[in-house]
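*Asks:* Below is one structure. I have some questions about it.
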């Protein structure tokens, strides 16, 4: 059973998952705008974004599945919990609500209350493909193999044998999350594309949260959060990265630059939220070299506040660290 969006315009505002499949969901083209009290896009198995524009303007979690692959397109997620969550896929696993032990990642948040939209049901119980035209709905687009009345019982007992994973190999992904930005109960890999995460402002979650390997081998990763659960790329990463404490909490709107010892601005980002830590990985970083972080000046934005054309005029030095990685 699958949901496939290969073109056209899809606009959904729903109480339950906006796009849902008990099998797989693929967005390969088109313009998709989703607002929901639950997941923006949910697949029990594999969720793939390979093209088009996907905007989750408000959701509990943005993308949720066992296996999540972003290989193209432009994706933006605004969520009250995790932006991207590879936590087993079955929707009933989230019934514990924010921070519940069944919902993936390391927890945090309030916990103990019902997941938004968990008891709602809407949509069509059949394969769904959108390749053109316009779809606008107040209810979700749903593909499921059980009746709505049986959904809660069936999903509570269902399991997935695949190891949860998030792989980002292309496109752009911008996340604004109050839970974990990128959360995997298994592996998390960035091999290409541009990923910008504006993470939580309260303790208990982090911009990056991987239970197993967190590996960077290509692309650009910029992740900022409050530092309550900071995680950096693992030692197996073949692309260098730097992690900075920002010397306290910088307010939203602050511009932060990562600068090489020769004065080259490697990366700049305008913070969308208050933040006290910053992790950056780009192909321009060299393992073993020293890099300094500055606050102030300006940036010519390219993706989600990130850019490479930063201007240090009036900026203040905050600290220096050495890039790690192979």
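The values are calculated or read from the model by the stated rules, or taken from the named source; none is laboratory data. Just so it is clear, the model here is predicted, and its values are computed rather than measured. All Cβ positions, glycine included, derive from the backbone under ideal geometry; neighbour counts span all protein chains shown.
*Asks:* Take segment 68-83 and flag every residue that is under 20 Å from residue 188 (Cα atoms) and not in a strand (DSSP E or B).
*Replies:* Of everything in segment 68-83, those that are under 20 Å from residue 188 (Cα atoms) and not in a strand (DSSP E or B) turn out to be 81, 82, 83.
*Asks:* Just name the residue that is modelled with the lowest pLDDT out of those in segment 134-162 that are touching a strand residue (DSSP E or B) at 6+ places or on another chain (Cβ under 7 Å) and surrounded by fewer than 22 Cβ atoms within 10 Å (Cβ to Cβ).
*Replies:* Taking the candidates together, the pick is 139.
*Asks:* If a residue must be over 20 Å from residue 56 (Cα atoms) and at pLDDT 95 or above, how many such residues does segment 188-208 contain?
*Replies:* 5
*Asks:* While we're on this one: Quick one: residue 16 ticks every box in (1) over 24 Å from residue 199 (Cβ atoms); (2) outside any strand (DSSP E or B); (3) touching a strand residue (DSSP E or B) at 6+ places or on another chain (Cβ under 6 Å) bar one, so which box is it?
*Replies:* (3)
*Asks:* Identify all residues within segment 176-207 that are crowded, with 24+ Cβ neighbours inside 10 Å and under 15 Å from residue 252 (Cβ atoms); write none if there are none.
*Replies:* Passing the criteria: 177, 196, 197, 198, 199, 200, 207.
*Asks:* Kindly provide the set of residues from segment 68-91 that are over 19 Å from residue 178 (Cα atoms), surrounded by 24 or more Cβ atoms within 10 Å (Cβ to Cβ) and modelled with pLDDT of 95 or more, ordered by number.
*Replies:* Selection gives 68, 70.
*Asks:* Looking only at residues that are within 26 Å of residue 202 (Cα to Cα) and not in a strand (DSSP E or B) in segment 161-180, which one is nearest to the chain's Cα centre (by Cα)?
*Replies:* Selected residue: 180.
*Asks:* Out of 100, 94, 114, I need the residue that is more than 22 Å from residue 6 (Cβ to Cβ), surrounded by 24 or more Cβ atoms within 10 Å (Cβ to Cβ) and modelled with pLDDT under 55. Which one?
*Replies:* The match here is 94.
*Asks:* Could we say that residue 238 is surrounded by fewer than 18 Cβ atoms within 10 Å (Cβ to Cβ), out of contact with any helix residue (DSSP H, G or I) (no Cβ under 6 Å at 6 or more places or on another chain), more than 23 Å from residue 315 (Cβ to Cβ) and in contact (Cβ under 8 Å) with a residue 40 or more places away in the chain here?
*Replies:* In short, yes.
*Asks:* With buried (at least 19 other Cβ atoms within 10 Å of the Cβ), in contact with a strand residue (DSSP E or B) (Cβ under 9 Å, 6 or more places away or on another chain), touching a residue at least 24 places away in the same chain (Cβ under 8 Å) and under 25 Å from residue 43 (Cα atoms) as the only criterion, which of 250, 246, 173 stands out?
*Replies:* Result: 173 is the single residue among 250, 246, 173 that is buried (at least 19 other Cβ atoms within 10 Å of the Cβ), in contact with a strand residue (DSSP E or B) (Cβ under 9 Å, 6 or more places away or on another chain), touching a residue at least 24 places away in the same chain (Cβ under 8 Å) and under 25 Å from residue 43 (Cα atoms).
*Asks:* If you scan segment 42-67, which residues turn out to be surrounded by fewer than 24 Cβ atoms within 10 Å (Cβ to Cβ) and either outside any loop (DSSP other than H, G, I, E, B) or touching a helix residue (DSSP H, G or I) at 6+ places or on another chain (Cβ under 9 Å) (or both)?
*Replies:* Across segment 42-67, the qualifying residues are 46, 48, 50, 51, 52, 53, 55, 57, 58, 67.
*Asks:* For segment 223-253, give me the residue count where each residue is over 16 Å from residue 197 (Cβ atoms) and part of a loop (DSSP other than H, G, I, E, B).
*Replies:* Counting residues in segment 223-253 that are over 16 Å from residue 197 (Cβ atoms) and part of a loop (DSSP other than H, G, I, E, B) gives 9.
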